[in-house]
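The values are calculated or read from the model by the stated rules, or taken from the named source; none is laboratory data. Everything numeric here is computed off the predicted structure, so don't read it as measured data. Neighbour counts run over all protein chains shown; Cβ positions are idealised from the backbone, glycine included. Areas reflect the complete protein model, heavy atoms only, side chains present, ligands, DNA and RNA absent. Shrake-Rupley method; radii C 1.70, N 1.55, O 1.52, S 1.80 Å.
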Amino acid sequence: NFVNCNSFHELELSKMRMINKGGSRIAFEMKQIVPPKPNNSQQPDQQNFGKNSVSKFVYKTIKYSSEVAVSMVEQQRKDALLMGQRSSSKFIPNLYGYCSVGVMMDFMPEGNMHDYIKGARISARESKSGNSINESEKILRPVDRLKIAIHIATSVADLHGDDESMPSFFHNDICCHQYLFQDGLFKLNDFNYAKAILVKHGGQSSKQGKELCLRSSFGMRLWKGRSLEEHQKSLNPSDPSGYRPDKIDVWMMGNVIYIILTDLYTFEFPKPLSTKEATAELVAGRRSAYPGHIANSTDPAYVAIKKALDMCWTQDWRERPSAREVSNYLMRKLREITGEKDPDLKVTLPQRDPDQKPTDSEYTKMAY
């Protein structure tokens, strides 16, 4: 959360490798030679003693084809600021440096949550066509889906914060692309659209809380993965009612938990709905349906996740639990299932086809 431009000038930019890009930003893999640390022990590691090591990290910046506007610099600043402030969370990546439109952060070689979802959907189609080599290796266990739901809920809770002496923030753009996978954990990133949670005494939202938690504040169109309140607002733009912006995040994190539970996008089953059709369903109080094997399952992990979704998708935001309450509920259920006081939250994702391309064709097709 501090500017350290000198570190950027020391980087060897000629050896970057592009690994991903989004609407306005691009990410590169970078390597840095790390000199050996002084070894003060009586028995040094003879194999590695005196040797350099190679450290990898991600350099994230504005696309070179984009005109750099002041607003983009501000977005990068927020991304770095929040990553630095929330670095104590194991569900948020570490920050190593920031300067103007550049951010250095953890290297995440295992991709994002959308990469997993796409692979799972491809495997499901292969299985139905009889082409799957070993279906069991390509499906997440129910308890692993529960663990990932904990990753999602806890990352949002850690962003919102529990310490009243510290500023609180809401993400404002939670979706499966924002979760990166590292060492068995999904971690929430991309805080460039985040905003402070401004609340008056007594818990009522301030004027900023009413108006700035909408996608319109950064030019995003309405899509199925946004919050109930935004869908409601699209039908009645003049509605003056306000709401707590952290509860907007809770709704959107429910959308991501549903995708992890089902390997389906919201309002895809039993038939895909357009954004307009999904808006009508949401405003009427209806939710995305579960496929039969989940709807009828008595597996305690599935039951727990469905209950968490009921919490996230509570129609009245005033009654909607906080992200921390959802996280605590899921952790309590995992402890009951495993019989362990401190269960391991890491998961092993099914192996993806090495030829799987990082495209968003299905994501876009389903009005996402």
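Data table
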{"quantity": "Test: Thr314 is open to solvent by less than 60 Å² (accessible area, probe 1.4 Å) and either free of Cβ contacts under 8 Å to residues at least 12 places away in the same chain or basic (Lys, Arg) (or both)", "calculated": "yes"}
{"quantity": "Filtered residue count, the stretch 231-285, keeping only those that are open to solvent by less than 20 Å² (accessible area, probe 1.4 Å), hydroxyl-bearing (Ser, Thr, Tyr) and not in a helix (DSSP H, G or I)", "calculated": "3"}
{"quantity": "Qualifying residue in the stretch 149-156 (condition: part of a helix (DSSP H, G or I) and surrounded by fewer than 22 Cβ atoms within 10 Å (Cβ to Cβ))", "calculated": "no"}
{"quantity": "Number of the exception - Gln351 against (1) touching a helix residue (DSSP H, G or I) at 6+ places or on another chain (Cβ under 9 Å); (2) part of a loop (DSSP other than H, G, I, E, B); (3) without any contact (Cβ under 8 Å) to a residue 12 or more places away in the chain", "calculated": "(3)"}
{"quantity": "Test: residue in the stretch 258-281 that is within 21 Å of Leu140 (Cα to Cα) and touching a Cys at 6+ places or on another chain (Cβ under 7 Å)", "calculated": "yes"}
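Residue-wise test of (1) touching a residue at least 60 places away in the same chain (Cβ under 8 Å); (2) in a helix (DSSP H, G or I); (3) touching a Cys at 6+ places or on another chain (Cβ under 9 Å).
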| site | (1), (2), (3) |
| --- | --- |
| Tyr290 | no, no, no |
| Tyr302 | yes, yes, no |
| Pro321 | yes, no, yes |
| Glu325 | no, yes, no |
| Asn328 | no, yes, no |
| Leu334 | yes, yes, no |
